[in-house]
Amino acid sequence: EEACKQGRERVRAVLHGQGLGRHSADEVANLGGRSPSALAVLLGDREYLMGSRLCATDATAFGMVAGALAPIFRFAAHAFGTRRKTSSRTAVG
């Protein structure tokens with residue numbers, strides 16, 4: 001019980017230190033919604049982020065988008081079809 005309490009306090013301190021713990025749940029959802037929107041604007045009509053060829057930036061963005069689409073985060077993903085569109089562009093196979 002005490003170890004769990006200390007663990008939660010550490011997590012709260014880390015989240016506060018990096019900024020996420022300073023916002024309400026609604027603010028976090030709003031901030032999270034900006035990222036896929038910004039990615040969509042950056043991508044525009046291009047096939048890849050940095051030009052006509054797949055590069056490390058695309059791979060990094062894919063990893064972040066795929067993580068955001070994980071079942072635990074689906075509550076926020078439904079409003080951003082762009083996430084799925086971007087993920088499918090960089091999918092291998």
Task: Label-to-label distance, nm, for residues given as residue 56 and residue 27 (7 Å Cα→Cβ offset) - done: 3.4
TODO: Please find the FRET efficiency linking residue 45 to residue 15, where r is the Cβ-Cβ separation and R0 is fixed at 41 Å, and quote it to the nearest 0.05.
DONE: 0.65
Task: Total formal charge among the other residues, if their Cβ is under 12 angstrom from that of residue 15, Lys/Arg +1 and Asp/Glu -1 - done: +3
- [ ] Using the Cα centre as the reference, give the magnitude of the dipole from point charges on the C-beta atoms of the range 1-74 (Lys, Arg: +1; Asp, Glu: -1; all else neutral), rounded to the nearest 20 debye.
- [x] 100
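Since every read-out is calculated from the coordinates, none of them should be taken as a lab result. Keep in mind it's a predicted model, so treat the numbers as computed, not measured. All Cβ positions, glycine included, derive from the backbone under ideal geometry; neighbour counts span all protein chains shown.
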